[in-house]
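For reference, the structure discussed in these notes is given below.
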Amino acid sequence: MENNSKKGRRGLLPGIFRNQIFIPIAALVVLALFNFAADPSFFRISFGLNSAGNPVLSGYLITILDYGSELAILAIGMTLVTAASGGQDISVGAAIAIAGSVILRVLCGHNSRPEVLQTPIIVAFLVGCVVAMLFGAFNGVLVAYFRIQPMVATLILYTAGRSIAAWINNNELPIISQPSFGYFGGFIPGIPIPTPFFIAVGCMIVTFIVLKFTTLGLYTQSVGINESSSRLNGLNPAFIKFLSFVLLGLCVAVAGLIKVSRLSTINYSVIAKDIEMDAILAVALGGNALSGGKFNMASSILGAYVIQFLTTTLYKFNVQSDALPAYKAVVVIILVVMSAPTVREKLSSLGKKIRNHEAKEVSM
Amino acid sequence: MNKGSVLEMRNISKNFPGVKALQNVDFTLCEGEIHALMGENGAGKSTLIKVLTGVYEKDGGQIYLKGNDKAVSIRSPQDAQRLGVSTVYQEITLCPNLSVAENMYIGRGKGFFQSFKKMNAEADKILKSLDIPAKSTQQLSSCSIAIQQMVAIARAVDMDCKVLILDEPTSSLDEQEVEKLFGLMRDLKARGVGIIFVTHFLDQVYEVCDKITVLRDGQLVGEYEIKDLPRVKLVSKMLGKELDDMSDIKSESAPYSGGDASEVVFEAEGLQSNAGIKPFDFKIRKGEVNGFTGLLGSGRSECVRAIFGADRIIGGTVKMKGEKVKITKPIDAMKHGIAYLPEDRKIDGIVGDLSVRENIVLALQVMKGFFKPFSKAEAYRFADEYIKLLEIKTASADTPVKSLSGGNQQKVILARWLLMHPEYLILDEPTRGIDIGTKVEIQKLVLKLASEGISVTFISSETDEMLRTCSRLVVMRDRKAVGELSGDDLTQSKIMSTIAGGED
Amino acid sequence: MKNKIKNMTDTNILLAITIVIFLIMYLGAVVVLRSGFLKPQTFFNILNANAALLITSCGMSLVMITGGIDISVGGVVALVSMSCAVYLDYHDGSIIGSVLIALAIGLLFGAVQGFLVAYLDIQPFIVTLAGMFFARGMTTIVNTTPFNVASEAFVALKNMRINVPGLGSVNKMGNYVSAYVEPGVIVALLIVIILFVILRWTRQGRGFYAVGGNRQSAMMLGINVKRTKFLAHLICGLLAGIGGYVYFLHVGSGSASHASGMEMNAIASSIIGGTLLTGGVGNIIGTFFGVLSLSTIQNIVSSVGLDEAWWTGITIAAMLCLFLVIQSVVLARKKRT
């Protein structure tokens, strides 16, 4: 009776529309249609040789796949932080600068333009991971144990991060000449698809495995939804929040590796600039509440690619990179206004009137 | 309006989705009178007060105030204040970062600038006339809670209030502070202010009030002169049992026959938490069902929270099966086989956005460990098993638990703890706010669990529920354990007289 | 003595700490780095360079006192500089017109953000983060390349100096040079005084504190909480606009990278000046000393020879972190007692 009517109501709409992932998919379709109408050449993919003589694919879609991947990696960590703490980490861009700087420093040793690498890349990357996770832990301690709002706590690293990155390399600009270092942000010889995509896929697989074989997902959501009740179920909410920031640190290190690999060098004030905005947007566009709680990882990851789709579209229409934030800020405001409780209440009371009508018919 | 009355509420009704919170309730307050508003949880007294102060809008009825010819409409707290109805809540609703004088005058008066000199002088005058030991320039947060409450009252007095509502003002005060507050109340009474006093402390009602109005289940039980209503009678009115038909119904089943022979599962000595309860001793045997009883706010929930480690423990020792153990946080208790169904389902119980399945497996999952998640199939099996066992009405195991009805939410939380196969189960108000059928089911379940050897501590506002299930009751009054009843003493009247205390 | 401290309001305790820290720091600088810090002009130069920061910090303190935050101020300052620069040079605008543009931009940001925060109940951080990105993006859209303003009237105004009598010094050539401040400093000091008076002695001013102290209580006490929050953001936006113009007057150019990190400095100044992040406690005089402390530290850092931009960022972040943690600990203590 009660059950039946609920099922009946649900049956009126196909399941996909109720699923969170519908939001980024819809956004993707809108963007794609817009591009298709404006200039179908947007979807052209060409095959050629790059400057190193490797066969590569190129085109706007490949760019999206390439740059969207680092964003997707960040979105994974940002989703966890958002879910557990109900706030966002705005220091990811600065933290990427730090991780990248550390990786370069370890690779170069004392000489900023080494002929050969001083350490294996994997070692440098691992050191980068450790450092990035330490900075994540710093944010995590401020948020979880000192109970400072996440955004304000991460504001500290947001300001200091790029300075710290410069300081790590004595404000020099190390340049790596070894081509193999460029593989991570470019192409591996013989493979025409950009490497970041494979790295992102790797991260997604790891994330999937972690979510499948640990209780991380359940714990973070539980803490984000109801801290008090989580505690009474034996969880340690502060530690879960702390952990989410450390994991974001790991994602930051991976993104940092891709970023420095693209250029084989680093520009402290420009690297990963404004990426925090994109990462937060990816989470929001994925339909996840920015106030924390339930999350859908796949939806966030797709959201990241959609954001990159938007960025690339704007680029194509000759919007300058420095002006991009203005457009994205408008998207953010629209998203948060739509999801604001006061606005939702009004919308849902409107919707309820319609649904009541519907429900009456069903119950009859 | 009758002569001499300052407030008359007639036929007040208020409905919430699914609940009739108030049904045609009348209330009359006279000039210079302290009037107690009594009732157990859910009786409707806080709804009545919120209607009067404009927090809720009433669905029906009229409110008359002295000085207004027609019925008044009160739409917001500001409206209420303007009409001379002031409220002092249990939670201080002043700004701790402002000075005493500012708290008395902010939000009133016109003009851009505030004359601090004048304001402070006036504030000092009122504080002095009411004999409140505070200085106008002092920051409010540096005053004790009692003084803060008195400042709130001073504000109300200065706003020329005719009706002063004191909503559980004494629950965080010590005896001397309560005395001071009573002095102030009597002073105001002499000035002709009508005071509505809401409290759970019976002693205080009899010390300071003139009249009592009792509500139960959203309906008016009656208005009584204080001298006509002895304590035991008051308690029986509140609980809805006339003394006559309370002629000592023995519990239908003799639930526990183990006597003192079986093993003591849990034992606490001098246990004390930071939630403001006096140290208490407690023990429970295997397969026993016992309970904490007392009026709301008497400290019964705080006791079981202390057992489970939910509040910060500040003293006492705890033994499980004779062995001394340390329980400082919930996970410790869980590891020793203790489960706790909290009093406030929404805040402490459900994880609203998660599905029924996730809510059911949560506690067991936490016990099992971070790296050993249940597979989906296992989780579904557990969930389906308990959905069937407890007859939880839900569309599926994937439905978010917040969309279930209260009773079914409660069953989900119960399932969560039963899944853990606890040795000792604490149920704090498991039957609150759920329908009668489910209540009976839960009571039966408790007895069944006990027969399987699980020890259960059961707390309920409804005494007959406790009588039906428990073989021993710890009686709480004013945050202290004041008695223990078992065997032939387990009767309504005995419980009530112990709760009421005093000589009646 | 102990009783006196006990009876002090939170605001006054934090204010006292700030002033003491500033004096110790400045005296330390005078003792250790004798030459520079003894001259009054050094002090005035700190004011000259930080007048804009002082103005935006006042707005920031106001928003923080009501329990919010506004991180769009740096972006608004950049947008104001660029818009005014373009208006003056490319459109032959007048000084008055450029001032009006600055005020309009500030008010617009304040009003929109205030509406979203107060009436739609959206987290102030998210709203103003978007505001910051919007302002920075718009700056580039208004004009991409940085440039110096050549308008004569403006250059004259920019080079205006106001002499401070009696505090001059004799330079190496033996001539007496009188000490001066820029017009922006006068504007900043006026704003400090006005805002101090409003916060201290007006009903609305105390309303800001009440809302920040306890929103629910403030409502029960009859304060219009939404309007108060809106007003705080509006004033903060307006001050960001004025601060933007003062900044523009100081640097005389428009650039998208102007005032980068200013929101951070403003927040840091407020917090160092004793404004609690949780709201309800703070003081404009404290903010004034917060700005002075911050800029003195920056001066010391560069005097010691660590004249690299990244040291400033690190020191400010470190100071902010320290004060945040102190606040968090103090608050936790207070709650427990």
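Testing C:Gly254 on (1) more than 14 Å from every other protein chain (Cβ to nearest Cβ); (2) over 13 Å from the mean Cα position of the chain (by Cα); (3) crowded, with 24+ Cβ neighbours inside 10 Å, one condition comes back false. Which one is that?
Here C:Gly254 meets the rest and fails (1).
Name the pairs: first residue in the stretch A:318-333 and at the interface with another protein chain (Cβ under 7 Å from one of its Cβ atoms), second residue outside any helix (DSSP H, G or I) and of a type in the set (Ser, Thr, Tyr), Cβ to Cβ under 7 Å, at least 6 apart or on different chains?
Final answer for the pair search is A:Gln320/C:Thr144.
Working carefully through the options A:Ser163, A:Ser177, A:Ser229, find the one that is more than 19 Å from A:Gly128 (Cβ to Cβ), surrounded by 22 or more Cβ atoms within 10 Å (Cβ to Cβ) and more than 20 Å from the chain's Cα centre (by Cα).
Of A:Ser163, A:Ser177, A:Ser229, the one residue that is more than 19 Å from A:Gly128 (Cβ to Cβ), surrounded by 22 or more Cβ atoms within 10 Å (Cβ to Cβ) and more than 20 Å from the chain's Cα centre (by Cα) is A:Ser229.
Quick one: count up the residues across the stretch A:236-279 that are among the aromatic types (Phe, Trp, Tyr) and crowded, with 24+ Cβ neighbours inside 10 Å.
Qualifying residue count, the stretch A:236-279: 1.
Looking at the stretch B:159-166, can you tell me whether even one residue there is surrounded by 18 or more Cβ atoms within 10 Å (Cβ to Cβ) and free of Cβ contacts under 8 Å to residues at least 24 places away in the same chain?
Checked against the condition, which is being surrounded by 18 or more Cβ atoms within 10 Å (Cβ to Cβ) and free of Cβ contacts under 8 Å to residues at least 24 places away in the same chain, the stretch B:159-166 yields no hits at all.
For the stretch B:478-493, check the following and say yes or no: at least one residue is over 28 Å from B:Glu263 (Cα atoms) and surrounded by fewer than 18 Cβ atoms within 10 Å (Cβ to Cβ).
Among the residues of the stretch B:478-493, at least one is over 28 Å from B:Glu263 (Cα atoms) and surrounded by fewer than 18 Cβ atoms within 10 Å (Cβ to Cβ), which makes the answer yes.
Which one of these does A:His110 not meet: (1) touching a residue at least 12 places away in the same chain (Cβ under 8 Å); (2) farther than 13 Å from A:Gly136 by Cβ?
Of everything listed in (1) touching a residue at least 12 places away in the same chain (Cβ under 8 Å); (2) farther than 13 Å from A:Gly136 by Cβ, A:His110 misses just condition (1).
Please go through the stretch B:117-144 and pick out each residue that is within 19 Å of B:Thr93 (Cα to Cα), among the small types (Gly, Ala, Ser) and assigned to a helix (DSSP H, G or I).
B:Ala123, B:Ser141, B:Ser142
With the condition being farther than 30 Å from A:Leu290 by Cβ, I'd like the helices (runs of 4 or more DSSP H) fully within the stretch C:92-207 carrying at least 2 qualifying residues.
The helices (runs of 4 or more DSSP H) meeting that bar are C:95-114, C:152-158, C:183-201.
Residue-by-condition table, conditions (1) within 14 Å of another protein chain (Cβ to nearest Cβ); (2) within 18 Å of A:Ile271 (Cβ to Cβ); (3) surrounded by fewer than 24 Cβ atoms within 10 Å (Cβ to Cβ):
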| site | (1), (2), (3) |
| --- | --- |
| A:Ile96 | no, yes, no |
| A:Pro120 | no, no, yes |
| A:Ala124 | no, yes, yes |
| A:Pro150 | yes, no, no |
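Condition check: in a helix (DSSP H, G or I), at the interface with chain A (Cβ under 10 Å from one of its Cβ atoms) and over 25 Å from the mean Cα position of the chain (by Cα). Does B:Ala383 satisfy that?
The answer is no for B:Ala383.
Out of curiosity, is A:Gly140 in contact with a Phe, Trp or Tyr (Cβ under 6 Å, 6 or more places away or on another chain) and in a helix (DSSP H, G or I)?
Yes; evaluated as a whole, the condition is true for this residue.
Which count do you get for residues in the stretch B:335-363 that are in a helix (DSSP H, G or I), within 9 Å of chain A (Cβ to nearest Cβ), among the β-branched types (Val, Ile, Thr) and surrounded by 21 or more Cβ atoms within 10 Å (Cβ to Cβ)?
Summing the residues that are in a helix (DSSP H, G or I), within 9 Å of chain A (Cβ to nearest Cβ), among the β-branched types (Val, Ile, Thr) and surrounded by 21 or more Cβ atoms within 10 Å (Cβ to Cβ) in the stretch B:335-363 gives 1.
Quick one: is C:Ile297 crowded, with 24+ Cβ neighbours inside 10 Å and touching a residue at least 40 places away in the same chain (Cβ under 8 Å)?
Here the answer is no, as C:Ile297 does not meet what is asked.
Out of the residues in the stretch C:32-73 meeting the condition of being free of Cβ contacts under 8 Å to residues at least 24 places away in the same chain and aliphatic (A, V, I, L, M), tell me which one is surrounded by the fewest Cβ atoms within 10 Å (Cβ to Cβ).
Per the criteria, the residue is C:Val32.
For the stretch A:176-294, give me every one of the helices (runs of 4 or more DSSP H) that falls completely inside it and has 1 or more residues that are away from every other protein chain (no Cβ under 12 Å).
Filter on the stretch A:176-294 gives A:195-213, A:237-263, A:275-285.
Look through the stretch A:152-175, keep the residues that are part of a loop (DSSP other than H, G, I, E, B) and either farther than 30 Å from C:Ile71 by Cα or among the charged types (D, E, K, R) (or both), and return whichever of them is nearest to the other protein chains (Cβ to nearest Cβ).
A:Glu172
Yes/no per residue for (1) free of Cβ contacts under 8 Å to residues at least 12 places away in the same chain; (2) part of a strand (DSSP E or B):
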| site | (1), (2) |
| --- | --- |
| B:Gly270 | no, yes |
| B:Ser301 | no, no |
| B:Ala310 | no, no |
| B:Lys324 | yes, yes |
| B:Ala333 | no, no |
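Give me a count of the residues in the stretch C:178-223 that are of a type in the set (Val, Ile, Thr), more than 14 Å from chain B (Cβ to nearest Cβ) and in contact (Cβ under 8 Å) with a residue 40 or more places away in the chain.
5
Within the stretch B:1-67, considering only strands (runs of 3 or more DSSP E) that don't extend past its boundaries, which have at least 2 residues that are of a type outside the set (Asp, Glu) and surrounded by fewer than 16 Cβ atoms within 10 Å (Cβ to Cβ)?
Hits in the stretch B:1-67: B:5-16, B:19-30, B:60-65.
Where a number appears in this text, it was derived from the coordinates with a stated rule and is not lab data. Remember, predicted model here, so these are calculated numbers, not experimental data. When we count neighbours, we look across all protein chains shown, and the Cβ atoms used for this are built from the backbone with ideal geometry, even at glycine.
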